[in-house]
Amino acid sequence: MKYLSLLVTCLLSTVAFASTAQTLPQEKKLGNIEQVASFNGAMPTGVTVSANNRIFVNFPRWGDKVDYTVAEVKNGRTVAYPNAQLNRLNTSKQADSLVSVQSVVIDPQDRLWLLDTGSIKFEPTTYGGPKLIGVDLKQNRVFKTILFPQTVALPTTYLNDIRFDLRRGNAGIAYITDSSGNGPNGIIVVDLDSGKSWRRLNDHPSTKAVKNFLPSVEGQVVRNRPSPKQPSTPITIGSDGIAISADGKTLYYCPLAGRRLYSVSTDALANEQTTDEQVAATVIDLGEKGGASDGLESDSQNRVYLTNYEQNAIQRRSPNGAYETLVNDDRVLCPDTLSLARNGYLYFTANQLHRQAQYQNGKDLRQKPYSLFRLRVNAQPVLLK
């Protein structure tokens, strides 16, 4: 009986321990996200959604096998868009083909714009590669191609993301971030009528990576670690995320390697006669964001949405500067681009960027599939038309 009693006591202790272990505190998830699509091939970066809920994504040529760099998502599958021919890489005629698209964005008139970096594996660019292509969604055909001169899209430039104000000038203005990791950063301004473009905030401190920046993802510091034989170096990617205010007067932006949010006057950016000093005088440091961001977005209530890739999170900033967390979920591994659609959903890609071989001593630790998620936020996009 003595041994039986001891056995019962041990079993009860084990059960009590297991029960306690099961109820230990855990990180709280926030946000009811749903997976819209999954990708088992190349890694996606950008996403955008049309007025009638057509979904477009892109796959830059960073090293994965990329059959097409822009696609439409149809019934959960991707199809080359606007056609396979434009997506067929032709480096001898790069002005007539898509080289490596980093962002796809629907403008206020429900047209699709493709932002082509012109860079394969972040190599230096040449004229004809970096470009902005407009696609008519009703006819599924290209209606505008704007090539950037090398004084604007420098050989080191990496065109990252884009926002529009179609009320300015004859056909509107576009604002683009240059997120180069090894050259000057800045904002590129484009006249969509003439195709003329110019650089602003070139190498301005607000567009640069924070020196020796150390982001942490999944509990690990992220640095450039291409191989065990090479010393690791800090990430130096500059102005990346971009969003425009509801009234179109303010452009928000942030470097990928940094935790601060900045704004600048669009009146200053869009006026070619404004000097660099006058533009810089309108820059405002809006302070810490609580984490490092990739994509930004805005809504008609003048709120700014931000990815927080350090915390697997999506945040929202109110006009008074207060932040709230909308999503905190361990499935959101490196949220990249944000796109607020007219259906009230915020769409975003999660592509495990930090698990690439570049940051993992040459070992690709990404796990497929990559995901496209959405979250209902009951907000409307900024439509400046």
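The values are calculated or read from the model by the stated rules, or taken from the named source; none is laboratory data. Values in this document were obtained by computation on a predicted structure and should not be read as measured data. Neighbour counts run over all protein chains shown; Cβ positions are idealised from the backbone, glycine included. Surface accessibility is based on the protein's heavy atoms, side chains included, excluding ligands, DNA and RNA. Shrake-Rupley method; radii C 1.70, N 1.55, O 1.52, S 1.80 Å.
If you put +1 on each Lys and Arg Cβ and -1 on each Asp and Glu Cβ, how big is the dipole of the chain around its Cα centre, in Debye rounded to 20?
My answer is approximately 860 debye.
Report the Cα centroid-to-centroid distance between the range 340-385 and the range 140-183 in angstrom, as an integer.
Rounded to whole Å, the Cα centres lie 21 Å apart.
Counting only heavy atoms of the protein chains, get the accessible area per residue of the range 50-107 (1.4 Å probe) and round it to a whole Å² value.
45
Go through the range 103-117 residue by residue and turn each phi into a ³J(HN,Hα) via Karplus (6.51, -1.76, 1.60, θ = phi - 60°); whole Hz please, and just put x for glycine and proline.
9, 10, 9, 7, 8, x, 9, 6, 10, 9, 10, 10, 9, 9, 5
Testing the spin-label approximation: label points 7 Å from Cα along Cα→Cβ at VAL142 and ARG167. State their distance in nm.
Between VAL142 and ARG167, the label points sit 3.2 nm apart.
Which ³J(HN,Hα) values in Hz, rounded to whole numbers, follow from the phi angles of the range 290-307 under the Karplus curve 6.51 cos²θ - 1.76 cosθ + 1.60, where θ = phi - 60° and Gly and Pro get x?
Values, residue by residue: x, x, 7, 10, 9, x, 10, 8, 9, 10, 5, 9, 6, 9, 10, 9, 9, 6 Hz.
What GluC sites (Glu not before Pro) does the range 236-338 have in DSSP loop regions with at most 14 other beta carbons within 10 Å?
Sites meeting the loop and neighbour criteria: GLU272.
Binning at 20 angstrom from zero up to the longest distance, how are the C-alpha pair distances of the chain distributed in percent?
Cα pair-distance distribution for the chain, in percent: 29, 57, 10, 4, 1.
What does the highest-first list of 169-179, 191-201, 87-97 look like by mean Cβ count within 10 Å?
169-179, 191-201, 87-97
With all protein chains present, how much of the accessible area of the chain (probe radius 1.4 Å) comes from carbon and sulfur, to the nearest whole percent?
C and S fraction of accessible area: 49 percent.
Would you mind getting the accessible area per residue of the range 141-236, heavy atoms of the protein chains only, 1.4 Å probe, in Å²?
For the range 141-236, the per-residue accessible area is 43 Å².
Could you work out the relative contact order of the chain, using alpha carbon pairs under 8 angstrom and six or more residues apart, expressed as a whole percent?
Relative contact order of the chain: 15 percent.
State the volume of the convex hull built on the alpha-carbon positions of the range 282-338, expressed per residue in Å³ and rounded to an integer.
88
Lysines within cross-link reach of LYS74: Cα-Cα under 17 Å, excluding same-chain residues under 8 positions apart?
Hits, sequence-local ones excluded: LYS138.
Which far-off residues, 5 or more places away or on another chain, put their amide H under 5 Å from the one on LEU286, with H placed in the peptide plane?
LEU261, TYR262, SER263
How much accessible area per residue does the range 246-371 have, counting only protein heavy atoms and a probe of 1.4 Å, in square angstrom?
37
Can you show me the helix-derived [θ] at 222 nm for the chain, built from DSSP H runs with n ≥ 4 at -39,500 (n - 2.57) apiece and divided by the number of residues, rounded to the nearest 500.
Result for the chain: -2500 deg cm²/dmol, rounded to the nearest 500.
Stokes-Einstein at 25 °C, 0.890 mPa s, Kirkwood radius from Cα pairs: D for the range 345-385 in µm² s⁻¹?
The Stokes-Einstein estimate is 194 µm²/s.
Hey, if you put +1 on the Cβ of every Lys and Arg and -1 on every Asp and Glu Cβ in the chain, which of GLY129, SER300, THR151 ends up farthest toward the positive end of that dipole?
Final value for the positive-end residue is GLY129.
For the range 64-197, what's the relative contact order in percent, using C-alpha pairs closer than 8 Å and at least 6 residues apart?
Relative contact order comes out at 15 percent.
Give me the base-10 log of I(q)/I(0) for the range 278-385 at each q in 0.17, 0.21 Å⁻¹, Debye formula, one uniform scatterer per Cα, rounded to two decimals.
With no solvent term, the Cα-only Debye profile gives -0.84, -1.10.
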